[in-house]
Amino acid sequence: MRLGYNTNGLPHHRLKDAIPLLAEEGYESVGLTLEAGALDPYEEPDVLKRQMQSVRSLLERHQMASVIETGARYVLNPRLKHDPTLMDPDPVRRAIRVDFLKRSIDIAVELRADCVSFWSGILRDQASESEGLERLRGALIPVIEHAERLSMPLAFEPEPGMFIDTFARFSKLDEQINHPLFDLTVDIGHVHCLEDGTISSHLQKWAPRVRNLHIEDMVRGVHEHLMFGQGTIEFEPVIQVLEDLKYQGGLHVELSRHGHMGAEAVNRSMAFLKPMLSHKKPS
């Protein structure tokens, strides 16, 4: 297991500063949220190429793994957060998100990232659940085909408030997709927020499918990413089950609303989580 940090929590840092900062604090992986000014997939090709070369060099120098995160708020629409999505009723607008995800896959390949992480989006019209699933399945086909051509794993994240918000709904989608490159991003806080039962039991059930993990504190029933110790999650059993399961991927802190205290949040998160990681404990 590699403790990491999502750059959506460092929005005021250049990537050339953020990556060394995380490495110096002891993080071993980085969730790279593609954003305006940070590996923007719609940047001029020569500029993007130089950025990718620079980021890949930094990751290699600091021996850090990476995943590509696609949850930037306004990268596709300067007026509406996370718009358009794969759930948009307009196929032309869905195609914009599909194109973004394809470009994200291309960047992931260049950076040798572990996977590309993404979500469904909100269902904003009156489509039924079966219609919504069919809409999402259709939008995902070209994304999965592109990932297959490039052998890049995909990690789908159930997200509170979105069409696919729980493991139960992911299961329905997964039955329709049924592809070896289509797996899961699991956010520990989201599980605590929405799911019945313990976080550990869900991790045990879905362990073979987990490509990417997010972690932060949260209060049950309230989708707000909190600094560790400010919510109601018991973290030691979560870390223990991940170690028991021999999870080998990234466990990325996601504090996207803490950019105003970015460096402090990076430090405090490491201080909270490091003692729980057995391979980090002194002998």
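The values are calculated or read from the model by the stated rules, or taken from the named source; none is laboratory data. Just so you know, these numbers come straight off a predicted model, no measurement behind them. Reconstructed Cβ throughout: ideal geometry from the backbone, glycine too, with neighbour counts over all protein chains shown.
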*asked:* Can you list residue pairs whose Cβ atoms sit under 8 Å apart, with the first residue in region 30-53 being more than 16 Å from L111 (Cβ to Cβ) and the second being modelled with pLDDT of 95 or more and surrounded by 13 or more Cβ atoms within 10 Å (Cβ to Cβ)? Count only pairs 6 or more apart in sequence or on different chains.
replied: A36/A72; A36/Y74; A36/V75; Y42/V75; Y42/R103
_Residues of region 1-56 satisfying the condition of being in contact with an Asp or Glu (Cβ under 9 Å, 6 or more places away or on another chain), in a loop (DSSP other than H, G, I, E, B) and closer than 15 Å to A263 by Cβ_ = L10, P11
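Which ranges mark the strands (runs of 3 or more DSSP E) fully within region 143-216 that have 1 or more residues being of a type in the set (D, E, K, R) and modelled with pLDDT of 95 or more? Write out each step before concluding.
Working: elements: 154-156, 182-187, 210-215.
So the answer is 182-187, 210-215.
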*asked:* If K274 meets every condition in (1) in a strand (DSSP E or B); (2) in contact (Cβ under 8 Å) with a residue 60 or more places away in the chain; (3) closer than 21 Å to S66 by Cα; (4) touching a helix residue (DSSP H, G or I) at 6+ places or on another chain (Cβ under 6 Å) apart from one, which number is that one?
replied: (1)
*Has region 111-130 got any residue that is of a type in the set (D, E, K, R), assigned to a helix (DSSP H, G or I) and over 18 Å from the mean Cα position of the chain (by Cα)?*
yes
*Report, by residue number, each residue of region 243-264 that is crowded, with 18+ Cβ neighbours inside 10 Å and small (G, A, S).*
G249, G250, S256, G262
*Please tell me if V92 is in a helix (DSSP H, G or I) and among the β-branched types (V, I, T).*
yes
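Which one of Q230, Q240 is part of a helix (DSSP H, G or I), modelled with pLDDT of 95 or more and surrounded by fewer than 17 Cβ atoms within 10 Å (Cβ to Cβ)? Don't jump to the end; show me each part of the working.
On the way: Q230 fails: part of a helix (DSSP H, G or I).
Matching residue, one of Q230, Q240: Q240.
Looking at this structure, is A127 closer than 19 Å to T166 by Cβ, touching a helix residue (DSSP H, G or I) at 6+ places or on another chain (Cβ under 9 Å), surrounded by fewer than 19 Cβ atoms within 10 Å (Cβ to Cβ) and of a type in the set (A, V, I, L, M)? Break it down into steps so the answer makes sense when it comes.
Values: closer than 19 Å to T166 by Cβ: yes; touching a helix residue (DSSP H, G or I) at 6+ places or on another chain (Cβ under 9 Å): yes; surrounded by fewer than 19 Cβ atoms within 10 Å (Cβ to Cβ): yes; of a type in the set (A, V, I, L, M): yes.
So A127 passes the test.
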*Could you give every pair whose Cβ atoms fall below 6 Å, whose first residue belongs to region 151-175 and is among the aromatic types (F, W, Y), and whose second residue is at pLDDT 95 or above and in a helix (DSSP H, G or I), counting only separations of at least 6 or pairs across chains?*
F163/G132
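Out of L123, L111, L133, report the one residue that is in contact (Cβ under 8 Å) with a residue 12 or more places away in the chain and in contact with a Ser or Thr (Cβ under 7 Å, 6 or more places away or on another chain). Steps first, please.
Working: L123 fails: in contact with a Ser or Thr (Cβ under 7 Å, 6 or more places away or on another chain); L133 fails: in contact with a Ser or Thr (Cβ under 7 Å, 6 or more places away or on another chain).
Of the residues listed, the single one that is in contact (Cβ under 8 Å) with a residue 12 or more places away in the chain and in contact with a Ser or Thr (Cβ under 7 Å, 6 or more places away or on another chain) is L111.
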*Out of curiosity, is F163 over 19 Å from G250 (Cβ atoms) and crowded, with 21+ Cβ neighbours inside 10 Å?*
yes
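Just one of L59, L86, L80, L123 is modelled with pLDDT of 95 or more and closer than 15 Å to T33 by Cα; which is it?
Numbers: L86 fails: closer than 15 Å to T33 by Cα; L80 fails: closer than 15 Å to T33 by Cα; L123 fails: closer than 15 Å to T33 by Cα.
The unique qualifying residue is L59.
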_It is to be established whether one or more residues within region 90-98 are buried (at least 21 other Cβ atoms within 10 Å of the Cβ) and either touching a residue at least 60 places away in the same chain (Cβ under 8 Å) or under 30 Å from K274 (Cβ atoms) (or both)._
no
